[in-house]
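What follows is a set of notes on a single structure, which appears directly below.
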Amino acid sequence: MQTTSLKRLWLALGLILVASFGTLGFLGREIHREAPPIPAAVVSAAGDVLYTKDDIQTGRQVYQSMGGQQVGSIWGHGAYLAPDWSADWLHREAVTLLQVWTERVYRAARFEDLTPGQQAVLKDRLKTEMRLNTYDPANGTITVSDDRAEAIARVAGHYVALFGNGAELAGLREDYAIANNAIPDQGRREKLAAFFQWAAWATTTERPGQDITYTANWPHEELVGNAPSTDNVVWSIASIVLLIAGIGALSWWHSARKEEPAPQAPAEDPLGGLAPTPSMKATAKYFWTVIALFGAQIFLGAVTAHYAVEGHDFYGIPLSDVLPYAVTRTWHTQLAVFWIATAWLATGLYLAPALSGHEPKFQKLGVDLLYGALVLVVVGSMAGEWLGVQQMFDLDTNFWIGHQGWEYVDLGRVWQIALFAGLMLWLALMGRALWPALRKPGDQQPLIVILFLSTIAIGLFYGAGLTWGKHTHLSMIEYWRWWVVHLWVEGFFEVFATAAVALLTVKLGLVRARTANHAVLFATVIFLTGGVLGTLHHLYFSGTTTGVIAVGAVFSALEVVPLALVGHEAFETYRLTKRALWVETYKWPILFFVAVAFWNLVGAGLFGFLINPPISLYYVQGLNLTATHGHAALFGVYGLLGIGLMLFCLRGLFPRQAWSDRPLAWAFWLLNGGLAMMVVMSLFPVGIVQAWASVSKGLWYARSAEVMQSDLVHTLVWLRVPGDIVFSAGAAVLAVFAAGLVLRSRRKRAPAAETPAVTAQPAE
């Protein structure tokens with residue numbers, strides 16, 4: 001019966017993966033076919049060439065070189081300080097065109113001076129002109145009126161000056177945390193303006209034969225008639241209905257199923273006498289690096305947040321001269337992925353020999369080589385990004401070793417390739433160590449198979465970041481980028497972690513292997529049912545078709561369904577600490593897993609679904625509500641999970657006498673409390689202020705200096721400081737614990753007679 005049930009779950013998982021990736025591939029093809037066209041030229045009615053395709057594509061490279069999506073955003077994806085340049089250009093062009101007509105038609109100085117009737121006439125004319133698609137596929141040109149050409153030229157002048165060194169916009173540059181003379185070359189600045197204009201053109205120009213723009217009427221902009229589409233509203237309602245139905249179905253299933261009683265806990269710690277192999281011991285340096293990178297990320301986060309109030313300074317220190325906002329935010333987001341991934345990779349390398357009882361030849365050498373590769377990627381990519389932002393490279397060189405400008409995937413292509421090679425090495429190391437356990441039948445084999453399959457996925461799916469080139473269409477870059485950010489980081493890493501935690505609890509004798517097999521496989525089926533196609537909720541307004549909105553809305557709702565029972569999961573995890581006296585030694589690693597369940601509900605569930613429905617994201621994409629979700633989910637779920645896994649491994653690498661629970665208790669509560677303070681006191685309130693501004697006036701206003709530099713927002717940003725201090729204290733205590741662990745282990749080694757050493761035992 002058990003075997004039959006497992007076979008059904010394996011079959012369901014296979015069918016779901018085939019159907020999901022088939023659908024994802026089909027929609028990717030549609031995105032490629034229906035992406036906003038990049039014209040051969042933008043010309044005026046008089047025949048003057050405003051921009052060429054080369055200008056637009058080169059302008060995008062210029063944008064990438066200065067930090068790209070770490071300096072404001074395009075189509076909503078990117079940094080939250082500085083404008084969304086596509087929304088900002090759209091508003092400025094609309095206002096400027098109204099002004100041009102005001103001067104030429106009515107001979108007035110300002111649009112505001114016109115009568116309501118005159119204003120209404122010009123606004124109607126504006127909507128018609130801005131939404132009309134004049135792209136000619138025969139010759140690849142976009143034709144604009146002479147008046148609009150003049151408006152475009154005026155707006156372009158603003159951006160050419162903004163990214164230069166003119167004193168007239170010095171204050172605005174500081175508000176945006178953009179360095180003076182960020183792009184020294186005027187020719188580059190002019191091409192940057194061409195890219196911004198094209199990105200804005202896609203947001204206001206209707207698709208052929210349709211009444212929605214290439215970005216599904218995003219962003220909200222009343223002047224040009226951008227409002228939520230019918231598809232947006234209908235599929236938002238459908239997603240909410242499906243969420244309720246899914247939660248109901250899962251609750252019914254949970255209440256109806258029979259839970260197998262927990263096994264009798266062993267009298268002693270089954271892993272208490274486990275002697276780590278040389279390769280297992282070699283993972284220790286990974287964990288010290290995790291703590292170091294975590295500390296660096298916290299400092300960079302504090303600096304990045306502070307730039308929102310001082311612009312170029314850090315408490316009066318002109319830090320931006322050395323570390324501009326584009327660099328600190330790049331490093332902050334990138335290090336989050338690096339240290340969390342390092343913790344999980346090291347956990348895999350530690351667990352593999354312990355599960356199989358097999359230490360392959362030269363395994364330690366491989367672990368050491370992988371560590372060197374990871375250090376090279378971290379240091380090399382960070383150096384390249386700094387040099388790129390400083391405009392030290394030509395545009396082609398910047399792509400290869402500098403700053404690619406795509407949030408979370410900023411590292412240059414050379415470093416991407418090196419990281420992919422490192423992941424392939426990790427996959428090989430995991431495979432050769434796990435192979436005996438994979439071949440040997442036993443109760444734990446299904447869990448080990450899931451662990452290994454997720455290892456393969458982690459190794460291969462980062463390759464999605466290598467699919468685009470220097471001139472790949474922005475819509476396709478966003479498609480593939482979210483394969484990395486969502487499927488790689490949020491998807492298969494989570495499956496890996498779930499299997500790893502389950503194997504640890506099984507090895508400790510706290511959970512039956514059969515129970516864990518079904519639980520993990522069922523959780524994987526449920527999670528990936530929504531998780532794969534849920535990737536599309538990032539792509540609603542990235543120049544994609546309405547099919548993306550429909551599928552993304554439905555399946556992103558299903559992502560939230562499993563979180564309905566997360567309270568039960570947390571309680572059951574907490575009960576593990578009460579199973580036997582010796583389990584107390586694992587209390588804090590287990591409690592970190594309990595915290596993961598809590599933040600999964602709050603960060604991924606509550607804050608995630610707050611922004612996931614298309615109608616919600618229409619107004620809040622690119623605002624601090626996204627940052628609220630990002631902080632609560634990325635650290636609250638993946639970060640705390642990485643720390644919990646790290647502590648489990650350290651527990652096996654060092655003698656029991658060296659362990660100290662007191663600093664871990666402090667670290668646990670300070671980290672969780674600090675994160676809660678950051679979210680509740682600062683990030684979420686700022687997001688609400690911006691959301692109100694976006695709904696009432698438009699995204700351009702929500703991201704404007706008028707809102708972001710207001711007294712209210714400044715106060716809320718300052719209120720992040722207490723949370724930052726508490727959180728930083730938690731990280732410092734964690735570092736103290738790690739240092740103390742090393743020092744105490746050198747003084748207090750367990751006598752051989754007290755805990756007889758045994759070799760790593762294979763899975764049974």
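The values are calculated or read from the model by the stated rules, or taken from the named source; none is laboratory data. This is a predicted model, so every value here is computed, not measured. Cβ sites come from the backbone with ideal geometry, for glycine too, and all protein chains shown count toward neighbours.
Since ASN217 meets every condition but one in (1) at pLDDT 95 or above; (2) farther than 21 Å from LEU617 by Cβ; (3) not aliphatic (A, V, I, L, M), which condition does it not meet?
Here ASN217 meets the rest and fails (2).
Name every residue in region 424-480 that is touching a residue at least 24 places away in the same chain (Cβ under 8 Å) and in a loop (DSSP other than H, G, I, E, B), in order of residue number.
Passing the criteria: LYS440, GLY442, ASP443, GLN444, LYS470, HIS471, HIS473.
Mind telling me which of the residues TRP400, TRP386, TRP344, TRP406 ends up being under 29 Å from GLY652 (Cα atoms) and among the aromatic types (Phe, Trp, Tyr)?
After applying the criteria, what remains is TRP344.
So for region 468-489 (the condition being surrounded by 20 or more Cβ atoms within 10 Å (Cβ to Cβ), of a type in the set (Val, Ile, Thr) and under 18 Å from ALA352 (Cβ atoms)), does at least one residue qualify?
No, because not a single residue in region 468-489 is surrounded by 20 or more Cβ atoms within 10 Å (Cβ to Cβ), of a type in the set (Val, Ile, Thr) and under 18 Å from ALA352 (Cβ atoms).
Okay, residues lined up against (1) aromatic (Phe, Trp, Tyr); (2) touching a helix residue (DSSP H, G or I) at 6+ places or on another chain (Cβ under 7 Å); (3) outside any helix (DSSP H, G or I); (4) in the same structural domain as GLN334 (by TED's automatic domain parsing):
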position: GLY636; (1), (2), (3), (4): no, yes, no, yes
position: ALA665; (1), (2), (3), (4): no, yes, no, no
position: LEU671; (1), (2), (3), (4): no, yes, no, no
position: VAL679; (1), (2), (3), (4): no, yes, no, no
position: VAL686; (1), (2), (3), (4): no, yes, no, no
position: TRP692; (1), (2), (3), (4): yes, no, no, no
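Only one of TYR618, TYR586 is in contact with a Lys or Arg (Cβ under 7 Å, 6 or more places away or on another chain), surrounded by 20 or more Cβ atoms within 10 Å (Cβ to Cβ), part of a helix (DSSP H, G or I) and not polar (S, T, N, Q); which?
TYR586
Residue by residue, here is whether (1) surrounded by fewer than 24 Cβ atoms within 10 Å (Cβ to Cβ); (2) in the same structural domain as TRP288 (by TED's automatic domain parsing); (3) over 22 Å from the mean Cα position of the chain (by Cα) holds:
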| site | (1), (2), (3) |
| --- | --- |
| HIS306 | yes, yes, no |
| HIS312 | yes, yes, yes |
| ALA326 | no, yes, no |
| ARG329 | no, yes, no |
| HIS332 | yes, yes, no |
| THR347 | no, yes, no |
| TYR350 | no, yes, yes |
| SER356 | yes, yes, yes |
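Can you spot a residue in region 115-123 that is assigned by TED's automatic domain parsing to the domain that holds TYR80 and either within 40 Å of the chain's Cα centre (by Cα) or within 18 Å of ALA193 (Cα to Cα) (or both)?
For region 115-123, residues assigned by TED's automatic domain parsing to the domain that holds TYR80 and either within 40 Å of the chain's Cα centre (by Cα) or within 18 Å of ALA193 (Cα to Cα) (or both): present.
Out of region 155-179, which residues are farther than 23 Å from LEU98 by Cα and in contact (Cβ under 8 Å) with a residue 24 or more places away in the chain?
PHE163, GLY164, LEU172, ARG173, GLU174, ASP175, TYR176, ALA177, ILE178, ALA179
Looking at this structure, is GLY366 modelled with pLDDT of 95 or more, more than 25 Å from the chain's Cα centre (by Cα) and closer than 26 Å to LEU504 by Cβ?
Here the answer is yes, as GLY366 does meet what is asked.
Of a type in the set (Asp, Glu) and either touching a Lys or Arg at 6+ places or on another chain (Cβ under 7 Å) or surrounded by 20 or more Cβ atoms within 10 Å (Cβ to Cβ) (or both): is that true of GLU129 in this structure?
Judged against the criteria, GLU129 is a match.
Checking ARG579 against (1) surrounded by fewer than 24 Cβ atoms within 10 Å (Cβ to Cβ); (2) touching a helix residue (DSSP H, G or I) at 6+ places or on another chain (Cβ under 8 Å); (3) modelled with pLDDT under 90, which test does it fail?
The single condition ARG579 does not satisfy is (2).
Would you pick out the residues in region 676-700 that are farther than 23 Å from PRO228 by Cβ, buried (at least 22 other Cβ atoms within 10 Å of the Cβ) and in contact with a Leu (Cβ under 7 Å, 6 or more places away or on another chain)?
Within region 676-700, SER682, VAL686 qualify.
What's the total number of residues in region 527-553 that are closer than 15 Å to SER454 by Cβ and in a helix (DSSP H, G or I)?
3
Does GLY225 satisfy being touching a residue at least 24 places away in the same chain (Cβ under 8 Å), within 30 Å of GLU30 (Cα to Cα) and either outside the structural domain of VAL327 (by TED's automatic domain parsing) or under 29 Å from the mean Cα position of the chain (by Cα) (or both)?
yes
Taking GLU359 and the conditions (1) acidic (Asp, Glu); (2) in contact with a strand residue (DSSP E or B) (Cβ under 9 Å, 6 or more places away or on another chain); (3) modelled with pLDDT under 95, which numbered condition does it fall short on, given that it satisfies the others?
All conditions are met except number (2).
Okay, residues lined up against (1) assigned by TED's automatic domain parsing to the domain that holds PRO184; (2) aliphatic (A, V, I, L, M); (3) more than 23 Å from GLY72 (Cβ to Cβ):
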{"residue": "SER381", "(1), (2), (3)": "no, no, no"}
{"residue": "PHE393", "(1), (2), (3)": "no, no, no"}
{"residue": "TRP400", "(1), (2), (3)": "no, no, yes"}
{"residue": "GLY412", "(1), (2), (3)": "no, no, no"}
{"residue": "LEU419", "(1), (2), (3)": "no, yes, yes"}
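Please find, within region 261-276, the residue that is nearest to LEU653 (Cα to Cα) out of those that are of a type in the set (Gly, Ala, Ser) and exposed (fewer than 14 other Cβ atoms within 10 Å of the Cβ).
Residue satisfying both the conditions and the ranking: ALA275.
Which one of the conditions (1) surrounded by fewer than 22 Cβ atoms within 10 Å (Cβ to Cβ); (2) touching a helix residue (DSSP H, G or I) at 6+ places or on another chain (Cβ under 6 Å) does TRP85 fail to meet, given that it meets all the rest?
Going through (1) surrounded by fewer than 22 Cβ atoms within 10 Å (Cβ to Cβ); (2) touching a helix residue (DSSP H, G or I) at 6+ places or on another chain (Cβ under 6 Å) one by one, TRP85 breaks only (1).
Answer yes or no: is there a residue in region 304-320 that is modelled with pLDDT of 85 or more, under 30 Å from GLU569 (Cβ atoms), assigned to a helix (DSSP H, G or I) and aromatic (Phe, Trp, Tyr).
Scanning region 304-320, I find no residue that is modelled with pLDDT of 85 or more, under 30 Å from GLU569 (Cβ atoms), assigned to a helix (DSSP H, G or I) and aromatic (Phe, Trp, Tyr), so the answer is no.
Where residues in region 162-187 are small (Gly, Ala, Ser) and surrounded by fewer than 17 Cβ atoms within 10 Å (Cβ to Cβ), which of them is modelled with the lowest pLDDT?
Only one residue fits best here, namely GLY166.
Residue check: is ALA94 buried (at least 23 other Cβ atoms within 10 Å of the Cβ), assigned by TED's automatic domain parsing to the domain that holds ALA200 and modelled with pLDDT of 95 or more?
So ALA94 passes the test.
Can TRP386 be described as aromatic (Phe, Trp, Tyr), part of a helix (DSSP H, G or I) and buried (at least 19 other Cβ atoms within 10 Å of the Cβ)?
Yes, satisfied.
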